[in-house]
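This report concerns only the one structure given below.
Read the figures in this text as sums done on the coordinates, not as results from a lab. Given the structure is predicted, the values throughout are model-derived calculations rather than measurements. Positions of Cβ are generated from backbone atoms using ideal geometry, with glycine treated the same way; all protein chains shown enter the neighbour counts.
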Amino acid sequence: MKTTALTDMHIEMGAKMVPFAGYKMPVQYKGVMAEHLNVRNTVGVFDVSHMGEFFIEGPYAMDLIQKLTTNDVSALNDGQVQYTCMPNLSGGIVDDLLIYKFNQEKYMLVVNASNIQKDLNWIIKFNFKKAKISNFSDKYSMLAIQGPMSSQALQPLTSFDLSSLKYYNFVVHKFCGFNNVIISATGYTGSGGYEIYFPNDYAKTIWKSILESGNKFGIQPIGLAARDTLRLEMGFCLYGNDINDDTSPIEAGLSWITKFNNSFNYSKELHLQKENGVQRKRVGFEMLDRGIARNGYKILNEKDEEVGFVTSGTMSPSLQKSIGMGYVNSEYSKSDTKLYIHIRNKKLKAQVVKLPFYKS
């Protein structure tokens, strides 16, 4: 079981620690509901150092990334971030990830913790032109500071004007007295904020400094359970639940990050899916009957025929409604379509709704 540079501090702060993607991680501190609402209303800090970071460099770096990912890397300016995914050779998704462009010959890929080795192997497999690939996953820590008070909480720790940093842009700047910290206006919560990357040796100092600086704004440490409910309210995909090696980006509703002005793995076939439609689609739904849908539950029509399956579900702390996502046959994917979720031998009513569930 791997640990992050902050594991001891989480335990000292009373976090409940659980195995997650091969790491020992804090799932909650004071409780999911309180932590979730703290992020929505003020500010919270997550240790997400289990995520993977690869640097791809050299004159063929962009060519390699373009071959591997569905979005258009050539559209990135220096200092911009792009959400994308890597398709496999049968149209499924190897992983979803973020691409950071430092310059034409230097990029950072941020990948899911459970896929670090798998992704690295996949990238190396297609590195025909020998771009330089460096795996910094075990050397870098990553914190996510999320919520409407994020800027105020972090501004005393850097001379860079955080309010000037546009969404999905980043800078490399001095932070907490440390040089070359990556500060990114990104996140997985839908409540604004930043993600910062730095060597493990800086982690404890930066963690303590953020909590101290954000104290007057109500900052709290947040566990992975609230991270999951926050992302689900936004309709964001979780790899392993909502997307995997058997789901195509078109089925998953990720057409917006699937561009066809460049050739990439399986691009011709995915273009046909986009043009001709797919047999199943990812949808969001609200429960109309009392009950919580969970991953793997069957989705039925009124004739008790199985028309899909649930991938994620929870009781939304912000909305006080039971919500979920899943794949259904395309004919059942329109908003307001009535569905039924098979929960504990009961057939409970649900309704397709437009994503995101939470609208700030």
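Take the Cα of residue 117, step 7 Å along the line toward its Cβ, and report every residue of the range 1-42 whose backbone nitrogen sits under 18 Å from that point. Answer for the range 1-42: 1-4, 19-24.
Net length available on complete extension from residue 302 to residue 263 is 9.8 nm, with 0.36 nm assigned per residue and the Cα-Cα distance removed.
Structural descriptor for the range 52-133: relative contact order 39 percent, calculated from alpha carbon pairs under 8 angstrom and at least 6 residues apart. Stretching residue 126 away from residue 174 to a fully extended chain increases their span by 13.7 nm, per 0.36 nm per residue minus the current alpha-carbon distance.
With point charges of +1 on the Cβ of Lys and Arg and -1 on the Cβ of Asp and Glu, referenced to the Cα centre of the range 52-133, which listed residue (127, 97, 109) lies farthest in the positive direction of the dipole? Going by the charge dipole, the pick is 127.
When the alpha-carbon atoms of the range 279-353 are used, the pair Rg, Dmax equals 10.8, 33 angstrom.
What whole-number distance in Å separates the alpha-carbon centres of the range 108-177 and the range 1-19? Taking the Cα centre of the range 1-19 as reference, the centre of the range 108-177 is 21 Å away.
Each of residue 74 and residue 104 was given a label point 7 Å from its Cα along the Cα-to-Cβ line. The distance between the two points is 1.3 nm.
Per-residue ellipticity at 222 nm, computed for the chain from helices alone with -39500 (n - 2.57) per DSSP H run of at least four residues, works out to -5500 deg cm²/dmol. Mean separation of Cα pairs under 8 Å and 6 or more residues apart, divided by the residue count, gives the chain a relative contact order of 18 percent.
Working note: Cα atoms of the chain, range along each principal axis, descending, whole Å: 64, 50, 39. In summary, the lysines within cross-link reach of residue 67, defined as a Cα separation below 18 angstrom excluding same-chain residues under 8 places away, comprise 101, 106, 118, 125, 129, 130, 132, 259, 268.
The string of couplings for the range 309-319 from the Karplus curve (6.51, -1.76, 1.60, θ = phi - 60°) is 8, 7, 10, 8, x, 6, 8, 5, x, 6, 9 Hz, one whole number per residue in order, with x for Gly and Pro. Scaled against the 2.2 N^0.38 Å expected of a compact globular protein of N residues, the Cα radius of gyration of the range 123-220 reads 1.20. Couplings 3J(HN,Hα) of the range 292-303, computed from phi: 10, 6, 10, 3, x, 5, 6, 10, 10, 9, 5, 8 Hz, in residue order, whole Hz [Karplus 6.51 cos²θ - 1.76 cosθ + 1.60, θ = phi - 60°; x for Gly and Pro].
Each part reduced to its alpha carbon centroid, the range 314-333 and the range 256-287 end up 21 Å apart. Taking a ≥ b ≥ c as the square roots of the eigenvalues of the Cα gyration tensor, the range 1-85 is classed as prolate, since a/c reaches at least 1.5 and a/b is larger than b/c.
Over all distinct Cα pairs, what is the inverse of the mean 1/r for the range 52-133, reported as the Kirkwood hydrodynamic radius in Å? Averaging 1/r across every pair of different Cα atoms and inverting gives 12.5 Å.
In this rough spin-label picture, where each label sits 7 Å from Cα along the Cβ direction, the residue 88-residue 288 distance is 3.7 nm. For residue 70, the residues 5 or more places off, or on other chains, whose built amide H falls under 5 Å of its own are 85.
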